[in-house]
Amino acid sequence: MSFLLNCILFLPAIGALFLLAIPRQQATSLRRWSLYISLATFLLSLVLPFRFEPASAAMQFVTNRSWIESPPIRYHIGVDGISLFLILLITFLSVLCVLVSWNSVQEHIKEFFFFLLLLETGTIGVFIAMDLFLFYVFWEITLIPLYFLIGIWGHERRVYAALKFVLFTLAGSLFMLVGILWLYNIFGTFDYEMILRGIAAGTHTFSAQEEYWLFLAFFAAFAIKVPLFPLHTWLPDAHVEAPTAGSVMLAGVLLKMGTYGLLRFCLPLFPEAAHKLAAPVMVLALIGIIYGSLLAMVQPDLKKLIAYSSVAHLGFVVLGIFSFNQIAVQGAIYQMLNHGVSTGALFLLVGMLYDRLHTRQIRDMGGLATPAPILATFFLITSLSSIGLPLLNNFVGEFLILLGVLQERVLYAALAATGVVLSAAYMLWMYQRVFLGEAGAKQQTMPDLNQREKAILVPAVALMILMGVFSPFFLRKMDVATASLLDHAGRREIKVERHSPVPKPEPKQDAQLLGRISESAPELPATDFLPLEH
Amino acid sequence: MESNLQLWLIPTVPLLGALWNGLWGKRSSERAVASVAVGAVAVSFLLALRAFFALGDAPYLESYFSWIAAASFQAHFNFYLDPLSAVMALIVTGVGLLIHIYAVGYMSQEGGYYRFFCYMNLFLFFMLTLVLAGNYLLMFVGWEGVGLCSYLLIGFYFRREDAADAGKKAFITTRLGDFGFLIALLMIYSTFESLNYSEVLPAAASLPVESTAGPLTVICLLLLVGAAGKSAQVPLYVWLPDAMLGPTPVSALIHAATMVTAGVYIIARSSALYVHAPQALFMVALVGGITAFYAATIGIVQTDIKRILAYSTISQIGYMVMACGVAAFSAAIFHLMTHAFFKALLFLGAGSVIHALGGEQDIRKMGGLRHYLPRTYWSFLIACLAIAALPPFSGFFSKDPILWEAYVSPYGGILFWLLGILTAGITSFYIFRLFFLTFHGHSKTAVATSSGIHVAEPAHHGVPHESPPIMTWPLMILAALSLAGGWVGIPALWRGGDHWNLFLAPAFRLAALPTEHAVSHDAATEIIFTLASILVSVAGIALAYLLYCRRPELAAAAAARLRGLHTLVLNKYYVDEIYRSLFVQPLVVVSRELLWKGMDAAAIDGSFQGLANRTRRLGDRVRRMQSGNIRSYAGWVVLGAILLISFMVGLAS
């Protein structure tokens, strides 16, 4: 089965290479080829959840072989319940991105799709890399295509925005690189699972202070990517200037790299520090929720509005992750998917509006429901999903996050819940100003959605309903992986035990699991390097 | 009891109707759209009726599939049928059916016919989910869903700026309340480790009564916040009068008969929690009592027929909430039912009037309509008598127990009784003011038809005419219900069977009052109280008759005499303005000027920008060191060498 995962990872990149062979005059062939490749990747990835074994905490679909002998860097990829659906999110959004760029990209079509497909491979790699060095490589690879996507096909201030995006991200990831090298110094390996086992078995430890610095080094990279308040200012610029497909990938996937990193690395690798710093991080997340919502409320630019709403939504995710409560963490993972689908769809819709009106300013719109009722309906459903209406996807994630956080800190949950009210305020106000009222002379002739656009939006909306009504299909596959990760991270005492006054034997199982892992752990190779303190 | 009632069909059939009309309605004829929508509601009503008659002693549960499941948390789609939810389902589908039929006539030639019926059916889906849900989370689904439909239907004439505004205001204000509900939901789970009624309610009943504020009190107060939002209670009532910009059948169904009573339903549903949190119960009674009185006073001076009815609705729901607050849950639901009949009738009657006058809603411009609209007139009169609570109309039998309980209940007191009886007097006054101004006196319709302010409502011109039969038949059925609907609850005192209370008793078994309640008041006291309330109602009617029929100049004189007070009340105590300048404006201005322009753009992004600029300047300076000048390079080399040597010397020594 490991072949499958390799296919999913490299098919877009290989497709991108073949794309180069197609003559640039054949615009339709270029588009079709990109569509076929992204569609094939998506279909392949659809197999994953059905072949996935939800009862196992171990990585699945694993390929683990040496890539570089010395230093020992491994090509180690795998999927667990945490990353499973994130892969599907990427492949799904990529198809939509190809479709939405069909007509709106008219120049350098070949290069555009080349970078788009390359971005797909890069982002998939981030979520499946199980070797820290490999992870870092994919992490940085994603920068390049997006830099060009924004810088070449963006709007007026595209160069500024692209540079800002790259500089911010790079500044953070350099800290992470130092952290990765430092970890290698201690453990003598870049392999994530081996490091995790080393920590669990207690063979290698770091001092409390060392752990702090390491945590912060990783945290810096992820917090900028999320982005966490006050490191978010690159995001509105990047979104506003990016072409539609860039915004979709940025909001839908790139931001999740940050939250995924926090969850995958910061929590289990540096549990002590993560616990100690949880409170300030959660406060930043809370500020992000409220601050992002308030700023979203007053934005005159549609894309900026959605960008700030992303800051708020991602605040929820970070809040859930740092609560160390399993319900909240699963809610947070779910919320990553939800945000990808809903905000992705919002950017698609804004892109469609832009194609028609050539503006993103809310004041230049109004009354659009009259000429384009179908577009308005899709926009409304997507907005409702974004503000967490029950039976749509976001509600499930937000509810689980709030439920879990409330078990730990009542006040935080109450404050976060104000975001629910605020999100209704800014989204509905925006919807009103864009779609309701009397349409202006220019808007009255605006065409409604065409077949291609419907083909983009129908699956997105269907997914919102599906994820809002049948959430256990997704959530149940995360149970074991999340529990195992939180065991490494030293989860808080579970206060809620359902229907059983007698404690469940669950912890024992986990202990066995842990024991088995540490037993089977091979001897760690002695390090060539001395830890820095010596 | 039947083994399988398939309760899920009750809400799902309207959902299918909504989907059908939403997807294909645009291409269908009005007739087809109406058949689908009305047919769906009719089927749903029949199913609810079947469920009602299948009702047994114990609550009946149906569970379908898991909705949310993560780690130890589980929530199902499950439905719960007990006397309370059965009655609610019947009210919703029954009144809903009549209003749908009425709307077939009212909304024709309106544009957006399919959209209207799609939303209406969708509303019924959510409302039925709300009342039939078997756990608080699923109730929240319905709760939010009806809010959404309310938003869509208030803003039905979305090209009008004010209608769109009103829809948004309704959604956001009720969402403030939903915030309370949501937190309550989370707290219920962390207290009881379940959200199912079948587990939460017995667990709550087994807890001791909280003498000081504990978790139950907190939960109950938060639920009250939710109820206040949805049921338009003080201080969150401001959205309901504006909601009247929606089409009139919407006002009747959503903003009078069903959705706005959801707050009463949730309190009654959680009665087992409330009776264990007496402080919360007191707050419920207080909020209800104040709302009932306060909204009624505003109703006295308003001039828009629908707005008067809106304030009347707020006031009447206040009554129900107050009844809950004195632990008279069954009386509250009784009033909820009779109110659904007569208030729906009032709204539909008002709609008939507006329809006849080509969109006129100002009662000062009406008058003498009894000659033109005989069926509307008589049915409207019955509704007025019902809301004024005169025997033998339904309102009498439902309002009287509330007043009585407000006085005798261990949670009640003379204060609540006073609030109640005052409100009763004001109610019968304002409703008959409306009645006399509209149907009696001289016809002023010439003025009305030419004004044509409300362009969105059906515009007919010429002599006022009675509505078509498809609109008057529902009026007459509702009139019959407003008259006789209260007879199911005639208490033992009036030699009735007290059927209502006996029927609902199982639903409130867990909220049974402490036994010392048995301190019985003799029948004579109760009769005196009843006579007092009848007297007050009659006085209200008499005063209205005097001021608006006999001596209209007196009303104007009174208004002139009390100019300050009159202006204050006419402007609804300026609460909207206060909210706007206290909360809404500051939030927007602070967000825009301080947070966005000050903090985000200047402080945060500015400092990053500054960092970038400084880096660039530094780089610029370093660049100049590489001047290409050999002598300068030699100088740097020497400087470096000196530094290096002195460092090594330092190390050596």
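A few points about this structure:
- Meets criteria (surrounded by fewer than 24 Cβ atoms within 10 Å (Cβ to Cβ) and aliphatic (A, V, I, L, M)) for A:Met249: no
- Being closer than 21 Å to B:Tyr80 by Cβ, within 24 Å of the chain's Cα centre (by Cα) and open to solvent by 20 Å² or more (accessible area, probe 1.4 Å) is a property that does not hold for B:Val38.
- Among the residues here, B:Gly650 does not qualify as within 14 Å of chain A (Cβ to nearest Cβ) and open to solvent by less than 60 Å² (accessible area, probe 1.4 Å).
- For the range A:419-431, filtered to residues that are open to solvent by less than 10 Å² (accessible area, probe 1.4 Å) and at the interface with chain B (Cβ under 7 Å from one of its Cβ atoms), the residue that is farthest from A:Leu357 (Cα to Cα) is A:Ala424.
- If the condition is being touching a residue at least 60 places away in the same chain (Cβ under 8 Å), within 11 Å of chain B (Cβ to nearest Cβ), open to solvent by 10 Å² or more (accessible area, probe 1.4 Å) and not hydroxyl-bearing (Ser, Thr, Tyr), then the range A:396-418 contributes A:Glu398, A:Gln407, A:Glu408, A:Leu415.
- The number of residues in the range B:379-434 that are among the hydroxyl-bearing types (Ser, Thr, Tyr), farther than 15 Å from B:Val536 by Cβ and open to solvent by 10 Å² or more (accessible area, probe 1.4 Å) comes to 1.
- Within the range A:146-167, not a single residue is part of a helix (DSSP H, G or I), without any contact (Cβ under 8 Å) to a residue 40 or more places away in the chain, open to solvent by less than 20 Å² (accessible area, probe 1.4 Å) and in contact with a Gly (Cβ under 7 Å, 6 or more places away or on another chain).
- Taking the numbered list (1) touching a Gly at 6+ places or on another chain (Cβ under 9 Å); (2) closer than 30 Å to B:Pro468 by Cβ in turn, B:Leu415 passes all entries but (2).
- The residue pairs whose first member lies in the range A:186-212 and is in contact (Cβ under 8 Å) with a residue 24 or more places away in the chain, whose second member is acidic (Asp, Glu) and not in a helix (DSSP H, G or I), and whose beta carbons are closer than 6 Å, counting only pairs six or more residues apart or on different chains, are A:Phe190/A:Asp131; A:Asp191/A:Asp131.
- Meets criteria (within 13 Å of chain B (Cβ to nearest Cβ) and open to solvent by less than 10 Å² (accessible area, probe 1.4 Å)) for A:Gly292: yes
- Flag if A:Phe92 is at pLDDT 95 or above and in contact with a Phe, Trp or Tyr (Cβ under 9 Å, 6 or more places away or on another chain): yes
- Screening the range A:432-449 for residues that are facing chain B (nearest Cβ under 10 Å) and in contact (Cβ under 8 Å) with a residue 12 or more places away in the chain and picking the one that is surrounded by the fewest Cβ atoms within 10 Å (Cβ to Cβ) gives A:Glu438.
- Residue match in the range A:309-326 (condition: open to solvent by less than 10 Å² (accessible area, probe 1.4 Å), farther than 30 Å from A:Arg264 by Cβ and either of a type in the set (A, V, I, L, M) or more than 9 Å from every other protein chain (Cβ to nearest Cβ) (or both)): no
- All helices (runs of 4 or more DSSP H) inside the range B:86-205 with 1 or more residues being away from chain A (no Cβ under 14 Å): B:113-132, B:197-205
- Residues of the range B:65-85 satisfying the condition of being among the small types (Gly, Ala, Ser) and within 14 Å of chain A (Cβ to nearest Cβ): B:Ser66, B:Ala69, B:Ala70, B:Ala71, B:Ser72, B:Ala75
- Leading residue by the ranking (nearest to A:Glu156 (Cα to Cα)) among those in the range A:356-368 that are within 12 Å of chain B (Cβ to nearest Cβ) and modelled with pLDDT under 90: A:Gly366
- Listing of helices (runs of 4 or more DSSP H) fully contained in the range B:260-347 that carry 3 or more residues being within 17 Å of B:Thr427 (Cα to Cα) and either modelled with pLDDT under 90 or not aliphatic (A, V, I, L, M) (or both): B:278-301, B:305-325
- Among the residues making up the range B:113-164, those that are in contact (Cβ under 8 Å) with a residue 60 or more places away in the chain, open to solvent by less than 10 Å² (accessible area, probe 1.4 Å), more than 17 Å from the chain's Cα centre (by Cα) and more than 21 Å from A:Phe395 (Cα to Cα) are B:Phe116, B:Phe117, B:Asn121, B:Phe156, B:Ala163.
Rundown of residues vs (1) in contact with a His (Cβ under 6 Å, 6 or more places away or on another chain); (2) open to solvent by 70 Å² or more (accessible area, probe 1.4 Å), yes/no style:
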residue: B:Leu493; (1), (2): no, no
residue: B:Leu510; (1), (2): no, yes
residue: B:Ala524; (1), (2): no, no
residue: B:Cys549; (1), (2): yes, no
residue: B:Val569; (1), (2): no, no
residue: B:Tyr574; (1), (2): no, yes
residue: B:Ile578; (1), (2): no, yes
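- Hey, A:Leu43 open to solvent by 40 Å² or more (accessible area, probe 1.4 Å) and within 24 Å of the chain's Cα centre (by Cα) or not: yes
- Screening the candidates B:Arg624, B:Arg592, B:Arg563 for the property of being under 49 Å from the mean Cα position of the chain (by Cα) and not assigned by TED's automatic domain parsing to the domain that holds B:His440 yields one hit, B:Arg592.
- Candidate set from the range B:404-451 (those that are modelled with pLDDT of 85 or more and of a type in the set (D, E, K, R)); member that is farthest from B:Val321 (Cα to Cα): B:Arg433
- So A:Asn103, is it within 20 Å of A:Val248 (Cβ to Cβ), out of contact with any Phe, Trp or Tyr (no Cβ under 7 Å at 6 or more places or on another chain) and open to solvent by 70 Å² or more (accessible area, probe 1.4 Å): yes
The values are calculated or read from the model by the stated rules, or taken from the named source; none is laboratory data. On a predicted model such as this, the values are computed, not experimentally measured, just so you know. Quick reminder, even Gly has a Cβ in these numbers, built from the backbone with ideal geometry, and neighbours come from all protein chains shown. Ligands, DNA and RNA are excluded from the accessible area calculation, which covers all protein heavy atoms including side chains. Shrake-Rupley method; radii C 1.70, N 1.55, O 1.52, S 1.80 Å.
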